[in-house]
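Taking it in order: structure first as structure tokens, then the write-up.
The values are calculated or read from the model by the stated rules, or taken from the named source; none is laboratory data. Note that the structure is a prediction, hence the values are computed from the model and not measured. We place every Cβ from the backbone using ideal geometry, glycine too, and count neighbours over all the protein chains shown. For accessibility, only protein heavy atoms count, side chains too; no ligands or nucleic acids. Shrake-Rupley method; radii C 1.70, N 1.55, O 1.52, S 1.80 Å.
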Amino acid sequence: MQDVLVVADLRGATLRNVTLEALYGAGVIAQGGRVTALLCGHNVSSLAETLFAHGAHEVLVVDDERLQVYQPELYRKAVQAAVDEVNPRTVLFAHSAVGRDLAPAIAALYRAGQVSDVIGIAAKDDQVIYTRPVYAGKAFTKNEITGDLAIVTIRPNNLPVSEFMQASKTAKKLDVSFGGDLRTTIKDVMKKVSGGVDLTEAKIIVSGGRGVKSAEGFEPLRELARVLGAAVGASRGACDAGYCDYAMQIGQTGKVVTPDLYIACGISGAIQHLAGMSNAKVIVAINKDPEAPIFKVADYGIVGDLFEVVPALTQELRAFLG
Ligand code: FAD
């Protein structure tokens with residue numbers, strides 16, 4: 001039994017689903033111990049209700065206008081204050097841009113052990129085992145963190161979310177003295193992709209490769225994505241060719257995704273691309289080359305021209321889904 005702190009990951013003023021997955025993981029680790037969630041932001045305390053409903057026993061809120069955007073020094077101080085208040089054995093972060101920046105800083109501060117990009121958690125007695133992929137997803141390691149404090153980042157879309165529980169508790173305000181000696185000032189945040197579905201949290205991804213042939217060639221994929229409520233991703237081949245933004249790149253040097261459904265269109269299936277998507281639950285590949293390596297990992301393969309197959313699929317799905 002141990003106490004666990006979950007640092008909530010927000011996208012603007014909404015909770016990212018990975019936070020609820022982390023709360024599930026926290027329940028597994030705690031084994032009856034206390035699960036506390038930390039909310040950092042401005043005017044975000046209403047989100048505490050969702051955290052309580054998905055397993056938090058206690059919610060701490062650090063509210064400050066300057067926390068509206070991620071500021072590493074302020075966030076680090078807020079998490080530090082929460083760790084000192086709760087004295088947890090384990091702190092869970094999302095394996096997001098924010099979590100990947102914040103978690104090592106906290107680990108260094110407390111000289112704690114860290115496991116990143118965790119996709120599975122198993123706990124028995126005092127032992128907690130974290131599973132994470134290595135060698136671009138070709139193998140998995142089982143890790144245990146010894147020492148007084150464990151820092152863990154959770155990959156989105158891998159742990160379940162606890163059943164919704166009716167909860168009527170009140171969040172607690174945590175006062176943090178930020179001081180005025182900040183070495184970093186955030187002047188502006190420029191979002192590369194606005195709106196749409198977040199790739200790392202998407203349940204369905206329609207992805208395009210060099211086979212789409214142009215920026216306009218992505219349009220049929222976007223249409224299919226609209227019908228499915230999916231996000232649109234890309235291979236590095238498509239990004240390098242200038243057909244789309246690098247923010248859409250999936251793979252070893254791009255984003256790692258674990259959707260329920262991944263539809264790869266005109267993507268050959270290079271090892272570096274597979275590193276980012278081969279753990280998708282169902283993979284559909286559309287490629288005109290029957291020998292394309294993507295078919296080796298695909299659950300369903302369609303050999304054909306994507307400019308014929310994708311619109312036909314969109315039409316059928318639109319009729320089916322209404
Ligand atoms: P191609 O390999 O050119 O494949 C295009 C495919 O489209 C072909 O299979 C072709 O048959 C098919 N096609 C063509 N026209 C049609 C059509 N009309 N209908 C249907 N199919 C069609 N790649 C990534 O994706 N992500 C990464 O993160 C990444 N990181 C890398 C890191 C390093 C260090 C290196 C060296 C490489 C990395 N790469 C990465 C690049 C990777 O090796 C491949 O070059 C890249 O994935 C190829 O992209 P592609 O499949 O879109 O293009």
Give Val176, Val189 a once-over and let me know the one that is away from the ligand (no atom under 16 Å from the Cβ), in contact with a strand residue (DSSP E or B) (Cβ under 7 Å, 6 or more places away or on another chain) and part of a loop (DSSP other than H, G, I, E, B).
-> Val176
All positions within the stretch 153-173 that are in a loop (DSSP other than H, G, I, E, B) and open to solvent by 40 Å² or more (accessible area, probe 1.4 Å) | Asn158, Pro160, Val161, Glu163, Phe164, Met165, Gln166, Ser168, Lys169, Thr170
Is at least one residue of the stretch 216-225 of a type in the set (A, V, I, L, M, F, W, C), farther than 23 Å from Glu316 by Cβ and out of contact with any His (no Cβ under 8 Å at 6 or more places or on another chain)?
-> no
State whether the residues of the stretch 188-196 include one that is open to solvent by 100 Å² or more (accessible area, probe 1.4 Å), out of contact with any Gly (no Cβ under 6 Å at 6 or more places or on another chain) and closer than 21 Å to Ala30 by Cβ.
-> no
How many residues of the stretch 257-275 are within 9 Å of the ligand (Cβ to nearest atom) and open to solvent by 40 Å² or more (accessible area, probe 1.4 Å)? The answer is 4
In this structure, does Glu316 turn out to be free of Cβ contacts under 8 Å to residues at least 60 places away in the same chain and away from the ligand (no atom under 11 Å from the Cβ)?
-> yes
Out of all the residues in the stretch 230-256, which are within 7 Å of the ligand (Cβ to nearest atom) and touching a residue at least 60 places away in the same chain (Cβ under 8 Å)?
-> Gln252
Might you check whether a residue that is open to solvent by 30 Å² or more (accessible area, probe 1.4 Å), within 16 Å of the ligand (Cβ to nearest atom) and aliphatic (A, V, I, L, M) occurs anywhere in the stretch 204-222?
-> yes
Just for helices (runs of 4 or more DSSP H) wholly inside the stretch 5-118: which have at least 1 residues that are farther than 28 Å from Phe140 by Cβ and touching a Lys or Arg at 6+ places or on another chain (Cβ under 9 Å)?
-> 48-53, 72-86, 97-110
Check whether at least one residue in the stretch 69-81 is over 22 Å from Lys173 (Cα atoms), assigned by the TED database to the domain that holds Thr146 and surrounded by 16 or more Cβ atoms within 10 Å (Cβ to Cβ), and report yes or no.
-> no
Name the residues in the stretch 284-309 that are in a helix (DSSP H, G or I), near the ligand (Cβ under 9 Å from one of its atoms) and open to solvent by less than 50 Å² (accessible area, probe 1.4 Å), would you?
-> Ile294, Leu306, Val309
One residue from Leu109, Leu182 being over 22 Å from Ile29 (Cα atoms), surrounded by 12 or more Cβ atoms within 10 Å (Cβ to Cβ) and not assigned by the TED database to the domain that holds Gly27 | Leu182
One residue from Val98, Val28, Val86, Val118 being of a type in the set (Val, Ile, Thr) and open to solvent by less than 20 Å² (accessible area, probe 1.4 Å) | Val118
